[in-house]
Amino acid sequence: LAVAAITAQVQQDPFLETTEGTGIDIKCSHPNIRTGDFIHFYRQLPGQRPQLVAVTAKATKEVRAPEGHLRVSADRRWSALWL
């Protein structure tokens, strides 16, 4: 999964790994996020184009495929996608 906030600098672990059937929490810091910026999470499987998983401005959202949820801090300076 890759993460981008439209105009904000994003900091995240460059590599995360898990085994099938085990959840993973992908955390991102975006300390310079501005009002109006959206947080996007994408996944890219080998040999495929990136696919949008979730997008939000500030609210926590349930994610359907793959199943999980996206959390955003009250000040919007970090987000985490749990799958």
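Please report, ordered by residue number, the strands (runs of 3 or more DSSP E) entirely within the stretch 19-73 with at least 3 residues that are farther than 14 Å from Q9 by Cα and among the β-branched types (V, I, T).
Answer list for the stretch 19-73: 51-56.
What number goes with the only condition from (1) at pLDDT 85 or above; (2) more than 15 Å from W78 (Cβ to Cβ) that L16 does not pass?
Looking at each condition in turn, L16 falls short on (1).
Considering only the stretch 63-74, state which residues are among the small types (G, A, S) and surrounded by 11 or more Cβ atoms within 10 Å (Cβ to Cβ).
Residues satisfying the conditions are G68, S73.
Within the stretch 27-39, restricting attention to residues that are over 9 Å from the mean Cα position of the chain (by Cα) and of a type in the set (D, E, K, R), which residue is nearest to W82 (Cα to Cα)?
D37
Table: residues versus (1) modelled with pLDDT under 80; (2) surrounded by 12 or more Cβ atoms within 10 Å (Cβ to Cβ); (3) more than 12 Å from the chain's Cα centre (by Cα); (4) of a type outside the set (A, V, I, L, M).
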| site | (1), (2), (3), (4) |
| --- | --- |
| A4 | yes, yes, no, no |
| Q12 | yes, yes, no, yes |
| E20 | no, no, yes, yes |
| F41 | no, yes, no, yes |
| Q48 | no, no, yes, yes |
| L52 | no, no, no, no |
| K61 | no, yes, no, yes |
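Show the residue pairs that are 6+ apart or on different chains and have beta-carbon atoms under 7 Å apart, the first residue being within the stretch 57-75 and of a type in the set (D, E), the second being at pLDDT 90 or above and exposed (fewer than 15 other Cβ atoms within 10 Å of the Cβ).
E62/H69
The values are calculated or read from the model by the stated rules, or taken from the named source; none is laboratory data. Since this is a predicted model, take the numbers as computed values, not measurements. Please note: Cβ atoms are built from the backbone with ideal geometry, for glycine as well, and neighbour counts cover all protein chains shown.
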